[in-house]
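Engineer: Let me give you the structure first, and then I'll get to my questions.
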Amino acid sequence: MNSEKILSEMDFLKVRPSSDGIVAFDCPADRIVEAALKLKREFECQSLTDLAAVDMGPDLAKCRFGVVYHLFSHTKKKYVRLVCMCESAESPHINSLTGVYKGADWLEREAYDLMGIVFDGHPRLARILMWDSYPWHPLRKDFPLAGKEAPLPDTFAGNEDATRVVPAPESGGPFHSPSSGTKFSCGREPRSMQVQTGESDNI
Amino acid sequence: MEKEFTYPEPAGLGDNRIGEKMIVNLGPSHPATHGVLRLKIELDGDMVTRCDPIVGQLHRGQEKLAENMTYNQFVPFTDRLDYLAPMCNNIAFVQCVEKIAGIDVTERCKALRVICCELSRIASHLVGLAAYGMDAGGWTVFMYCYTQREKLMTLFEELTGARLTNSFARVGGMRRDIPESWLGNVNKFANQFLPALDEIDKLITRNRIFVDRTEGIGIITPEQAMQWGLTGPNLRGSGVATDLRKDCPYLGYDNYEFDVAIGARGDAYDRWLVRIEELRQSIRIIRQAIEKMPDGKINIDDHRIVPPEKDKVLRNMEDLINNFVVVTQGPAIPRGEAYFEADNPKGALGFYIMSMGGGVPYRVKIRAPSFITLSAMQEILPGHHMSDIPIILGSMDFVLGECDR
């Protein structure tokens, strides 16, 4: 894939430094559909292999969220990377690629679910990995690793019948260290504390 | 906005003829879904008119966890993606990290990684074929496949110490060198595997019942496959000869001789044939790798990436410090971003890693081939009978641990 040739066709793209040999461009967020259509029709990029949403940090007022597209050409056997930064940090928007690549459907839903980027023009932008009523976007950098409590899905078994189901906590867990040091390692695991203090009645 | 097509509407929403149709939930706990997949299917009589796969029951937030641990600490998590071929995932992940740092691993390491990848491919395809055969009603093929897989598990145990979650690759090399006589055991396995594979082949491939049930079912055209981003055997089953091992060679795959199997019609039967042929090609690659297994070190010599050997750590102050730094802070990876796709048994497993420097990634995006495969179901399943759904699902060979991450 020749970057000069692509650049001569689309002057709004800017070459992006690439450390892995993939031809990479920065693309203005409002022209991503145009760029993808052109790459698909004229440069034989038949597949959208990957779409990654990135959060560049909660302190940024502009260009906080970005979307990294990887297109693949089955005839030339080459990748192209397109990177778009969303203007607004509060309500990140970008045009959907679902009109160009069918595979964009779930990839964009995932980016919306986990990062909260809204894809305008997506036929059904619903959550995909988390349940529909989940309130947060967990991959954002200001979402704590320990998690936050959220209302359980409507279909939760404990809501429907009288069977006693005690849900597992949605925050805590063994993979984070508390900022203020606790003396014992079990202090990092809220579930173990429950067992010790006898709060939990499901054992 | 310019569009090339529109999507099918999701099942059971906004249809005024809903009285004539029926909504059926397949799963989340159903043997034909190979995991916790739920399919919301709209039926007109016995005919599927719409299908809406609902995933996420196994979501563990692996991408979030990855941002909070060192690169080597994340390797065991990659085992839990496609848990039928864990070493392929380990190797794909460390290859991506090595791509950012520009690390070129030793030739011996590359050859060992190729053997590990291909053995894992065999292990994964055997489960895929076994489950596929069972979905079509054949129990015998399941036992035949699992007998062979058990032998592979013994080989993995000998090499890595674990049967299923191997966690064997490390950034810059492998966890340990090849044990004595292991390559001989792999060779023995390869020698007895080909006749066993012929048996599996003869058992099913010309079986009248199997052919009747799979031929012309679940046809995916090459255009559809590329549009949805399908990869691996599912893409090659549709006749697109894209094999990343050949086209974007990694691990020195360009030095091995092997053929890429492709299907002619893109139906469920073709995907069976492609997987059977891939098993034969994997054995071919393994034999070449054993033959030219180079001598030398398994890990690179950079102690900012790979900790020194244990006996040195116990004797030298400097090596002790290196060991401490690499283990606690992670390998020293420069700033940068990389995308790497490995041709795994389920399709192309991709990692996009953004590094801000240091031992912890800033962002890891996992491109799970099973996720992409399942997203195409909304277009492939409609128009088939309800009884064909287990066949099509079996022929696509996905794994939900990878889909939900």
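Bear in mind these aren't lab numbers, they're just calculated from the coordinates by the rules spelled out. Computed from a predicted structure; not experimentally measured. So basically every Cβ, Gly included, is an ideal-geometry build from the backbone, and we count neighbours across all protein chains shown.
Engineer: Angle, helix B:86-101 long axis vs. longest principal axis of chain B, Cα atoms, 0 to 90°, nearest 10?
Structural biologist: That helix lies at roughly 60 degrees to the long axis.
Engineer: Need one number: nm distance between label points at B:Leu194 and A:Lys14, each 7 Å from Cα along Cα→Cβ, rounded to one decimal.
Structural biologist: Result for the modelled spin labels: 5.7 nm.
Engineer: Moving on to the next point. What dipole magnitude, in Debye to the nearest 20, does the stretch B:62-404 give about its Cα centre under +1 on Lys/Arg Cβ and -1 on Asp/Glu Cβ?
Structural biologist: Result for the stretch B:62-404 is approximately 400 debye, rounded to the nearest 20.
Engineer: Would you work out the Kirkwood radius for the stretch B:49-110? I mean one over the mean of 1/r across all pairs of different Cα atoms, in Å.
Structural biologist: By the Kirkwood definition, the hydrodynamic radius is 13.7 Å.
Engineer: Same structure, new question: If the only charges are +1 at each Lys and Arg Cβ and -1 at each Asp and Glu Cβ, what is the size of the charge dipole of the stretch B:20-92 around the Cα centre, to the nearest 20 debye?
Structural biologist: The calculation lands at about 220 debye.
Engineer: What is the distance, in nm, between label points placed 7 Å from the Cα along the Cα-to-Cβ direction at B:Glu318 and at B:Asn185?
Structural biologist: So the two model labels end up 3.8 nm from each other.
Engineer: When Cβ neighbours within 10 Å are restricted to other protein chains, what is their mean count per residue of peptide A:100-109?
Structural biologist: For this peptide, the per-residue mean of nearby foreign Cβ atoms is 6.
Engineer: Could you give each residue of the stretch A:63-78 its phi-based ³J(HN,Hα) in whole Hz, using Karplus coefficients 6.51, -1.76, 1.60 with θ = phi - 60°, and x for Gly or Pro?
Structural biologist: 6, 7, 9, x, 10, 10, 9, 10, 9, 10, 9, 6, 8, 8, 6, 10
Engineer: Here is a follow-up. Taking the Cβ of B:Ile217 as the center, what net charge do the other residues with Cβ under 13 Å away carry, scoring Lys and Arg +1 and Asp and Glu -1?
Structural biologist: Overall, the nearby charge balance is -3.
Engineer: Determine ³J(HN,Hα), in whole Hz, for all residues of the stretch A:28-36 in sequence, where each value follows from phi through the Karplus function 6.51 cos²θ - 1.76 cosθ + 1.60 and θ = phi - 60°; x replaces Gly and Pro.
Structural biologist: After applying 6.51 cos²θ - 1.76 cosθ + 1.60, I find x, 4, 7, 10, 5, 5, 4, 5, 5 Hz.
Engineer: Give me the Kirkwood hydrodynamic radius of chain B in Å, from all C-alpha pairs, to one decimal place?
Structural biologist: Value: 22.2 Å, from the Cα pair sum.
Engineer: Around B:Val48, with a cut-off of 13 angstrom between Cβ atoms, what is the net charge of the other residues, counting Lys and Arg +1 and Asp and Glu -1?
Structural biologist: With Lys, Arg at +1 and Asp, Glu at -1, the net is -3.
Engineer: So what's the angle, to the nearest 10 degrees on a 0 to 90 scale, between helix B:140-160 and the longest Cα principal axis of chain B?
Structural biologist: 20
Engineer: For the stretch B:300-376, what is the per residue volume of the convex hull drawn over the alpha-carbon atoms, in cubic angstrom?
Structural biologist: 117
Engineer: Apply the Karplus curve 6.51 cos²θ - 1.76 cosθ + 1.60, θ = phi - 60°, to the phi angles in the stretch B:183-193 and return the couplings in whole Hz, x for Gly and Pro.
Structural biologist: Values, residue by residue: 4, x, 5, 4, 4, 4, 4, 4, 5, 8, 6 Hz.
Engineer: Between B:Tyr146 and B:Asp295, what is 0.36 nm times their sequence separation minus the Cα-Cα distance? Round to one decimal in nm.
Structural biologist: 50.3 nm
Engineer: Right, next: State the Kirkwood hydrodynamic radius of the stretch B:215-274 in Å, one decimal place, computed from all pairs of distinct Cα atoms.
Structural biologist: Every distinct Cα pair counted, the radius reaches 11.7 Å.
Engineer: Still on this structure, please answer the following. Using a/c under 1.5 as the rounded threshold, could you call the stretch A:7-61 rounded, prolate or oblate? The axes a ≥ b ≥ c are square roots of the C-alpha gyration tensor eigenvalues, and prolate needs a/b larger than b/c, oblate otherwise.
Structural biologist: prolate
Engineer: Could you give the C-alpha radius of gyration of the stretch B:188-307 expressed as a fraction of 2.2 N^0.38 Å, taking N as the number of residues it contains?
Structural biologist: 1.34
Engineer: Residue farthest toward the positive end of the dipole of the stretch B:62-404, with Cβ of Lys/Arg at +1 and Asp/Glu at -1: which of B:Thr147, B:Asn322, B:Pro382?
Structural biologist: Most positive-ward Cα: B:Asn322.
Engineer: Projected onto the charge dipole of the protein assembly as shown (+1 at Lys/Arg Cβ, -1 at Asp/Glu Cβ, origin at the Cα centre), which of B:Pro331, B:Ser29, A:His93 gives the Cα projection farthest towards the positive end?
Structural biologist: B:Pro331
Engineer: I'd like the per residue volume of the convex hull spanned by the Cα atoms of the protein assembly as shown, given in cubic angstrom.
Structural biologist: Hull volume over Cα atoms, normalised by residue count, gives 173 Å³.
Engineer: Just to confirm my numbers, what's the Cα centroid distance between the stretch B:258-290 and the stretch B:74-138 in Å?
Structural biologist: Computed from Cα coordinates, the inter-centre distance equals 16 Å.
Engineer: Would you tell me the mean number of C-beta atoms belonging to other protein chains that fall within 10 Å of each C-beta in B:281-287, as a whole number?
Structural biologist: So the per-residue partner count for this stretch is 0.
Engineer: Taking the convex hull of the alpha carbon atoms in the stretch A:11-142, what volume per residue do you get, in Å³?
Structural biologist: Per residue, the Cα convex hull of the stretch A:11-142 comes to 111 Å³.
Engineer: Taking the square root of 5 times each eigenvalue of the Cα gyration tensor, what semi-axes in Å does the equivalent ellipsoid of the stretch B:347-390 have, largest first?
Structural biologist: In descending order the semi-axes read 37, 8, 6 Å.
Engineer: Right, another one. About its Cα centre, how strong a charge dipole does the protein assembly as shown have in debye, to the nearest 20, once Lys and Arg get +1 and Asp and Glu get -1 at the Cβ?
Structural biologist: 1060
Engineer: Can you give the percent of C-alpha pairs in the stretch B:32-151 whose distance is more than 24 Å?
Structural biologist: 49
Engineer: Along the charge dipole of chain B, which of B:Pro53, B:Ile286, B:Leu393 sits closest to the positive end, that is, farthest toward it, with unit charges on the beta carbon of Lys, Arg, Asp and Glu (+1, +1, -1, -1)?
Structural biologist: With unit charges placed on the Cβ atoms, the residue in question is B:Ile286.
Engineer: Would you work out the relative contact order for chain B, in percent, from Cα pairs under 8 angstrom that are 6 or more residues apart?
Structural biologist: Once normalised by length, the contact order is 25 percent.
Engineer: Follow-up question, since we're still on this one. Amide H of A:Asp50: which non-local residues (sequence gap of 5 or more, or other chain) have their own amide H closer than 5 Å, using H built in the peptide plane?
Structural biologist: A:His70
Engineer: Which whole number gives the average, over all residues in B:339-349, of C-beta atoms from other chains lying within 10 Å of the residue C-beta?
Structural biologist: 2
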